[in-house]
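The values are calculated or read from the model by the stated rules, or taken from the named source; none is laboratory data. Worth saying up front: this structure is predicted, and the values here are computed from it rather than measured. Note: ideal-geometry Cβ built from the backbone for every residue, glycine included; neighbour counts use all protein chains shown. To get the accessible areas, we keep the full protein, side chains included, count just its heavy atoms, and leave off ligands, DNA and RNA. Shrake-Rupley method; radii C 1.70, N 1.55, O 1.52, S 1.80 Å.
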Amino acid sequence: MKKPQKVLLISGISAVALFGVGVASFKIMENSNEYEKAQLVMEAREAKEQIEREREDEKIEAKREAKAKVAELEAKTAIYDGIEFETGLDEGSTETEVMDVMHKMTHQKVRSQDKWGAIPMSPKIIEEVYKIVDSSDFQHRDRLLSIAARWRDFDFNTIVQDHNFFWEDKEGTVGKAHGTLSRAEEVEFIEVNFK
């Protein structure tokens with residue numbers, strides 16, 4: 001074989017090889033693009049599924065929080081069994097009945113282990129109690145009148161002692177007041193119990 005034929009043959013083989021490499025590269029790149037597209041579609045699908053799972057988890061968590069809040073409110077109100085908005089008192093009420101109402105009124109302001117019953121410490125109810133005590137001949141009339149007069153003046157500095165006076169009169173064993181509620185705690189008590 002002559003040298004020019006050899007060169008031509010080598011050149012032809014090289015050209016075919018280059019063409020083959022080119023076609024193979026093109027196919028590889030084409031497959032690579034399709035692979036990337038498939039990868040992107042799969043990632044998008046996974047992202048969408050993840051978002052849906054997170055939304056579902058958020059719904060479940062919101063339901064759980066709502067149930068917990070309801071349970072918390074129920075637990076808070078459970079210890080104040082017997083919420084009343086009317087005193088049920090009149091001019092013929094007994095000292096025991098009046099003291100029971102006054103005792104329940106103090107629950108809005110005092111801190112104690114247990115509380116049974118609650119009546120709002122409202123100016124209207126305070127005035128009602130004051131008038132009944134003022135026109136009475138109760139054994140503890142002076143003390144009850146003094147307490148009701150302080151309450152009329154929005155003076156609750158001795159509310160713990162007031163509560164414990166009523167509590168001791170009932171011969172209480174559980175629920176002695178040991179402090180006053182903060183303003184925020186009283187507001188919460190009112191919102192939970194006297195809506």
For this session: Have a look at 93, 136, 122, 146 and point out the one that is of a type in the set (S, T, N, Q), farther than 25 Å from residue 173 by Cα and modelled with pLDDT under 90.
Result: 122
Problem set entry | Selection from segment 112-133 of residues that are in contact (Cβ under 8 Å) with a residue 12 or more places away in the chain, closer than 16 Å to residue 90 by Cβ and surrounded by fewer than 20 Cβ atoms within 10 Å (Cβ to Cβ) | 127, 128, 130
Exercise. Does residue 72 satisfy being open to solvent by 70 Å² or more (accessible area, probe 1.4 Å) and at pLDDT 70 or above?
Worked result: no
Problem set entry | Qualifying residues in segment 86-130 (those that are small (Gly, Ala, Ser) and assigned to a loop (DSSP other than H, G, I, E, B)) - the one nearest to residue 165 (Cα to Cα) | 117
Exercise. What residue, of 62, 38, 24, 15, is at pLDDT 70 or above and not basic (Lys, Arg)?
Worked result: 62
